[in-house]
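Input: a single structure, listed below in structure tokens.
Each value in this text was obtained by applying a stated rule to the coordinates, not by laboratory testing. If you're wondering where the values come from, they're calculated on a predicted model, not measured in any experiment. A quick note on method: Cβ atoms are made from the backbone with ideal geometry, for glycine too, and the neighbour counts reach across all protein chains shown.
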Amino acid sequence: MSTMLPPSSSSGTATAPATATAPAQEPRETADASEATRSTAATDPRGAEARTAPWGTDPYANALRNGRGPLFLRRSDGWLLPLEVERWCSDAGAADLSALHRCEGPVLDIGCGPGRLVAELTALGHRALGIDVSEAAVARTRRIGGSALLRSVFDPLPGEGRWGTLLLVDGNIGIGGDPAALLDRAADLLSTGGLLIAETSPLDIDERVQVRLDDGRRAPAEKAGPPGPADRPFPWARIGTPALLRYAGACGWRPADQWSAEGRAFVSLRRPRGPRLRERSARTSSQSAESANSTPVISSQLER
């Protein structure tokens, strides 16, 4: 999901630059992603929940399989945020490349969606892995030549503390509806001095909302039968660059760069040094919310 909602919100085996140390376990895990996914499901109840998450069901899964929308995030008041499914399912564009060319070392794409960034990173010579809570997203990423696992960012992941770059694009900074908790988790995943590249809203906004996925074809009242996973609301956040920099500063992140391309806004941050300021209990609360609401990174990233 460029514009991605919670996670969901978004993998090759080429040699990483010599200046970075690739995650020691990554080659094995990415070579056998199916086995790793089954292992996670067996040891972590959230692995099973990911399979029924909103991002893993209609209408999101259908949109990815078809390569097109319409697809929206709908608030309870009826407001709709269009999701750019066609862009997510196409090749990486100029704005994407402006972010990918800044990547350092092995790259983890959080909420990889249909996999365009993972595939492009692999072609550029990076060791890259995508994670997503949507089976359709993971399958499509693998089909186009990328490596991907069916996992939430808050699940145990390969190479924790050794990734050179994390990507939170297509709105995936909104995963879980708590940007500070997501930044805290990101710090656990990165190596010392590692880089986080996040896409922000072009608006100066800091919004926490409950949303659900909607294909715009039927009103909720018209749907027959009991509510399914796709009908359950989940927490999402939309934040602009000023808001992200405030959260980052409070958590000890160091600004590295900010830029815009094709109407999209990006920020890069360096991992905090030493103890982080955010309490570990905050992450625990966020993980509980993530699990309870089955929030994804949007797979490609709602603006994962």
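Tabulated values for the structure
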quantity: Residues whose placed amide H lies under 5 Å from that of Gly69, excluding near-sequence neighbours; calculated: Val85, Glu86
quantity: Computed label-point distance, nm, for sites Asp215 and Ser98 using a 7 Å Cα→Cβ extension; calculated: 3.4 nm
quantity: Relative packing of peptides 183-195, 68-80, 129-141, 98-110 - highest average C-beta neighbours within 10 Å first; calculated: 129-141, 98-110, 183-195, 68-80
quantity: Anisotropy class of region 63-197 from Cα gyration tensor, a/c 1.5 cut; calculated: oblate
